[in-house]
1. Could you go through segment 200-207 in sequence order and give the Karplus-derived ³J(HN,Hα) for each residue, using 6.51 cos²θ - 1.76 cosθ + 1.60 with θ = phi - 60°, rounded to whole Hz, and x for Gly and Pro?
2. On alpha carbon coordinates alone, what is the Rg over Rh value for segment 309-350, Rh being the Kirkwood radius?
3. Need one number for the chain: average projected area of the convex hull over its C-alpha atoms, nm².
4. Find, among the GluC sites (Glu not before Pro) in segment 83-136, those assigned to loop by DSSP (not H, G, I, E, B) with at most 14 other beta-carbon atoms within 10 angstrom.
5. Sorted from largest down, what three extents in whole angstroms do the Cα atoms of segment 1-142 have along their principal axes?
6. Taking every pair of alpha-carbon atoms in segment 268-399, give the share separated by more than 26 Å as a whole percent.
7. When Lys and Arg each count +1 and Asp and Glu each count -1, what net charge do the other residues less than 10 Å away from HIS127, Cβ to Cβ, add up to?
8. Do the sum for the chain: with -39,500 (n - 2.57) for every DSSP H run of n ≥ 4, divided by all residues, what is the mean residue ellipticity at 222 nm, to the nearest 500 deg cm²/dmol?
Amino acid sequence: MKTTISKVSEHLNEEVTIGCWLANKRSSGKIAFLQLRDGTGFIQGVVVKAAVDEEVFQLAKSITQESSVYVTGTVVEDTRSPFGYELQVNQLELIHEAVDFPITPKEHGTEFLMDHRHLWLRSKRQHAVMKVRNEIIRASYEFFNNNDFIKIDPPILTGSAAEGTTELFHTQYFDEEAYLSQSGQLYMEAAAMAFGKVFSFGPTFRAEKSKTRRHLIEFWMIEPEMAFVEHDESLEIQEQYVSYLAKAVVDNCQLELDTLGRDVEKLKNITAPFPRITYDEAVKLLQEKGFDDIKWGEDFGSPHETAIAEMYEKPVFITHYPKNIKAFYMKPDPTNEDVVLCADLIAPEGYGEIIGGSQRIDDLTLMQQRYDEHKLSGDAYLWYLELRKYGSVPHAGFGLGLERTVAWFSGVEHVRETIPFPRLLNRLYP
Ligand code: 4AD
Ligand code: MG
C-alpha cells in the first residue's frame, strides 16, 4: 500500500510503501535507524539486520544523506517520539543516490545556508517554518471567508504608489513607466466600494535599503478593506483576526512548534482584546524609559517599538500617529487634525510591526488637498480620487505582513527563514 508519512496513523500495524529521502541516519552492526522525510513529515525507519535480507541491511548502512528511496515497512506505535509512529523496515529500494549533499547535520554559517536555500528548505526546521506559514495562509482565508469577505486580487504592475515613492521598484511598461506593487490597498478600496468587505493576499515589493531581521525586499501581505467600517471597528477585526491565526497555529501545528522549540504559552496568550495606546502616550512612555532621542512628530524605530512591546504581554496597538509621518490617504482625527485615525500593531518579543492600518479619507475635497500636498495630480491617481466622487462611504483597512507573523509565531529570529526564497538587500540568489 503506497502512502505518505502524514497518513501512517491510518495504517497502524500494516505494511506500507513510502517514497522518501534520507534526512539522517545512525547505525551499528545489528541495527540502522533511518530518519526519513517525504515532504509531508518525518518518521524513523528501523532496519534490523536479523529481520531483513542482507542486501537491504547493507543498503541501510551505506545509504547517503538525501538519497531517495522507496521504503516498505510496518507502521508501529512509538511512544518516545513526538510523532508517535515509526516504521519497521522490510524493504528498501534506492531511487537515486545523492553524493556529498552540502548541508550536513553539523552547524553551517548563515551565508552558506542562504546560498543553498534550494537545499536548505529540506531541513526539519525549515519544513516546520513553512508549515506554520501555510497554516497562517489557510486560516486567513478561513477567517475572512467566515466573515463574509471576498478575495480580490489587485494588480502587481501598477502606475501608482500607495506608500510613498522612495521605495518603488521601477520597470518599463511598454512606453510607460510602471512599478511593482508596494501594497494593493488603493485597488482594494475600489473593490470595497464594489463588494463591501474584501481581502487580498499577494506579494509586495519595496526597494528598502534596510538590512534588519524584519525587512524583506519582496514580502507577502494580507490586506482587508471594509466599507462602512470605522477606525475602532477595524481594530476589533484586527485583534480577532490575529487571535484566530494564533489559535489555528497552536491547534494545528503542534509538531512544528515542538520542532522549533517555541514557547506555546506565549502564543496561547494572544487573545483579543489587545491593549491600545495613542502615539502621544507611547512618546511619553518612551521618554520615561529614558529614550531622550524621541520627540513628538518623529517616527518610531525598531528599538522604540521593542521597548513599547516589552511593557505588554500581548500585542499592542499604537494609534493616532502624527499626520506628517503617515501616508497621504489616512483620515485625520476629527477631534485633533494633527493626528490620523491609524494604528500599528506591535508584536511582543521584538517581532515589531505586524499590521499597519487606518481609516481612509472619504471626503473628495480633503483628498484633493492631500493630492496637492503630495503632488499626486498625475493621471495615475485619477481613478482613486473618483472613488470619493460616487457614493463615498467611511471605510478602513489594514495590511498584515505575513513573514513577520510567521517569524513571531514560529519564534524564529529573522524573516529570511519565513519565506521559501527570500529577497534581501543584495540577495537575489537562489
Ligand atoms: O505598514 P505598511 O507599509 O502598510 C501598508 O502597506 C498599507 N497600505 C496596508 C493597508 O492598510 N492595506 O505595511 C503593512 C505591513 C507591516 O505592518 C509589516 O508587517 C509588513 O507589512 N511589512 C514588511 N514585512 C517585511 N519586509 C518589509 N520590508 C515590510 N514592510 C512592511
Ligand atoms: Mg507601517
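1. 10, 8, x, x, 9, 10, 9, 7
2. Details: Rg = 12.1 Å, Rh = 11.2 Å.
Rg/Rh: 1.08.
3. Values: hull surface 98.1 nm².
Over every viewing direction, the Cα hull of the chain projects on average to 24.5 nm².
4. Values: sites: GLU86, GLU93, GLU97, GLU107, GLU111, GLU135; in loops: GLU97, GLU107.
Of the GluC sites (Glu not before Pro), the ones in loops of segment 83-136 whose Cβ has at most 14 other Cβ atoms within 10 Å are GLU97, GLU107.
5. The Cα atoms of segment 1-142 stretch 47, 37, 27 Å along their principal axes.
6. Working: 2638 of 8646 pairs.
The share of Cα pairs beyond 26 Å in segment 268-399 comes to 31 percent.
7. On the way: positive: ARG37, ARG122, LYS124, ARG125, LYS131; negative: GLU256.
So the surrounding residues net to +4.
8. One gets -9000 deg cm²/dmol as the mean residue ellipticity at 222 nm.
The numbers here are math on the coordinates, done by the rules we state, and not lab data. All of these numbers come straight from a predicted model, not from anything done at the bench. As a convention, Cβ positions derive from the backbone with ideal geometry for all residues, glycine included, and neighbour counts pool all protein chains shown.
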